[in-house]
1. What residue, of E408, E365, is over 16 Å from D180 (Cβ atoms), of a type in the set (D, E) and modelled with pLDDT under 95?
2. Residue check: is A105 within 22 Å of R387 (Cα to Cα), of a type outside the set (S, T, Y), free of Cβ contacts under 8 Å to residues at least 40 places away in the same chain and not in a helix (DSSP H, G or I)?
3. Examine the range 158-178 for a residue that is closer than 21 Å to G27 by Cβ, among the acidic types (D, E), within 16 Å of the ligand (Cβ to nearest atom) and buried (at least 18 other Cβ atoms within 10 Å of the Cβ), and state whether such a residue exists.
4. Mind telling me which of the residues I421, I417 ends up being of a type outside the set (D, E, K, R), more than 16 Å from the ligand (Cβ to nearest atom) and in a helix (DSSP H, G or I)?
5. Give the residue that is modelled with the lowest pLDDT, with candidates limited to residues of the range 23-56 that are buried (at least 22 other Cβ atoms within 10 Å of the Cβ) and within 16 Å of the ligand (Cβ to nearest atom).
6. Among the residues of the range 307-329, count how many are more than 16 Å from the ligand (Cβ to nearest atom) and either at pLDDT below 95 or closer than 27 Å to F413 by Cβ (or both).
7. Does G374 fit the bill of being surrounded by fewer than 21 Cβ atoms within 10 Å (Cβ to Cβ) and over 20 Å from the mean Cα position of the chain (by Cα)?
8. Under 16 Å from T242 (Cα atoms) and either small (G, A, S) or modelled with pLDDT of 95 or more (or both): is that true of P339 in this structure?
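The values are calculated or read from the model by the stated rules, or taken from the named source; none is laboratory data. Everything quoted here is computed from the prediction, not taken from an experiment. All Cβ positions, glycine included, derive from the backbone under ideal geometry; neighbour counts span all protein chains shown.
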Amino acid sequence: MTTLAHPASGSPGVGLRESHAHVAMLGRELSALALHDCTSRGEALDRISREAARRREAREPGWLLAAGVRVEAWDDPRWPTMPELDACCPDRACFVRGFDYHSCAVNRHAFESAGLRDATPDPEGGVIGRSADGLPNGLLLEAAYALVRDAIPEPTRDQWRGMLRLGLSTLASHGFVEVDDLLSQPWLGAMLAEMHDAGDLPLRVRLFVPWTRIGEEAAAARDYERPGWVELGGGKAFADGTLNSRTAWMLHRYRDPLPDHPCGSALMPEPELRAAMKACAGVGVWLAVHAIGDGAVRAVLNAREANPGTPVRIEHAEVIDRADVPRFAELGVTCSVQPCHLLYDTEVLKRQLPHRLDRVLPLRELLASGLEPGRGLVFGSDAPIVRPDPEDSIVAATSRRCPGSPPEMAVAFDQAIPEEIARACLAAPGRK
Ligand SMILES: [Zn+2]
């Protein structure tokens with residue numbers, strides 16, 4: 001009944017599944033000026049200048065958004081400053097996002113568009129970078145980053161449609177035939193249904209929406225669901241923060257923790273997790289919980305134990321205590337991991353959790369405990385946080401380190417798994 005052009009259509013089970021991505025955001029990221037492969041600040045500034053000039057000539061309105069900056073990889077690891085960005089892009093707001101989505105550099109237009117002034121103090125949980133003279137230098141971290149991010153004009157519906165198409169086609173070009181979207185916008189289901197009906201949807205999409213609106217979403221899904229192609233997968237909740245910001249909820253202390261948060265932070269204590277599970281079970285869908293630290297993972301498993309019958313996925317599970325490994329299979333909890341993040345997180349893991357490196361993504365133990373590759377243990381990328389290339393996860397799961405880095409850089413090498421098992425964790429199981 002479907003008119004899809006993708007070669008895998010009609011043959012479910014062929015192709016790959018991306019188990020954790022943000023499809024529209026991936027398209028948005030790909031629409032920004034790409035700076036991920038710059039090797040110096042000069043090169044980044046040069047690309048920004050040329051893009052600003054092109055936009056000026058083409059009379060294209062709007063902000064100049066650049067993305068993917070990783071200054072740690074530059075010869076001189078210093079962010080572009082506000083005066084440098086003002087010089088490159090004097091006529092419009094310029095926002096240069098770090099690859100981790102927690103930092104940016106901005107020009108004065110962008111800074112002031114967010115209501116910030118030279119004398120504005122740091123917002124709670126954020127830092128406004130300053131130069132030696134005390135003036136803002138354009139670098140914004142965490143909550144300060146979020147202030148300017150939120151000031152970027154929202155794309156129009158047509159722009160989102162184009163970005164969504166770009167995100168989907170990029171995933172399809174990597175061989176994916178289905179994707180789980182792990183924090184879907186309220187308009188996403190209807191837009192995907194439209195694309196499906198026009199024969200223009202290159203892969204299957206399951207939506208996961210904030211669990212607090214799972215009731216209204218389940219009602220809306222009656223209109224937008226296209227069985228096998230566009231489906232409501234479930235609710236999404238956040239049990240903790242991230243490793244890089246030291247807010248992932250750990251059982252053990254960080255070596256250099258945030259003040260007052262020796263073990264990160266619990267965003268959702270167990271009673272709230274149980275409420276989320278009940279809400280999702282009430283409308284017959286999954287609950288997917290973001291849990292990066294071993295403390296968060298344990299809390300979700302505990303909450304699931306108290307709610308038998310609710311289908312639960314744990315997203316990320318980057319650190320898992322030995323005692324909790326067998327509980328995934330016992331409780332029927334899906335473990336949805338992104339091995340490719342090992343390629344990017346090695347440094348923060350070694351710096352902050354040197355005493356827990358053996359508990360990082362214990363894939364071999366999870367498989368030995370009975371999780372089935374591709375069903376109980378599934379791989380994703382969390383694109384656009386990192387690129388959605390499935391080979392990155394294969395490399396990371398089999399070698400536990402960046403290609404080309406010395407063997408001693410491997411994280412928990414004894415948890416490496418064979419390539420064919422890693423590929424099975426990326427295989428689309430098809431539809432029942
Ligand atoms: Zn995500």
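1. Result of the check over E408, E365: E408.
2. yes
3. Scanning the range 158-178 turns up no residue that is closer than 21 Å to G27 by Cβ, among the acidic types (D, E), within 16 Å of the ligand (Cβ to nearest atom) and buried (at least 18 other Cβ atoms within 10 Å of the Cβ).
4. So the residue among I421, I417 that is of a type outside the set (D, E, K, R), more than 16 Å from the ligand (Cβ to nearest atom) and in a helix (DSSP H, G or I) is I421.
5. Going through the qualifying residues, I end up with E29.
6. The first filter runs over the range 307-329 and keeps only residues more than 16 Å from the ligand (Cβ to nearest atom), leaving 307-312, 319-329.
So of that shortlist, the ones also either at pLDDT below 95 or closer than 27 Å to F413 by Cβ (or both) come out as 307-310, 319-329.
Result for the range 307-329: 15.
7. No, not satisfied.
8. Spelling it out, P339 is indeed under 16 Å from T242 (Cα atoms) and either small (G, A, S) or modelled with pLDDT of 95 or more (or both).
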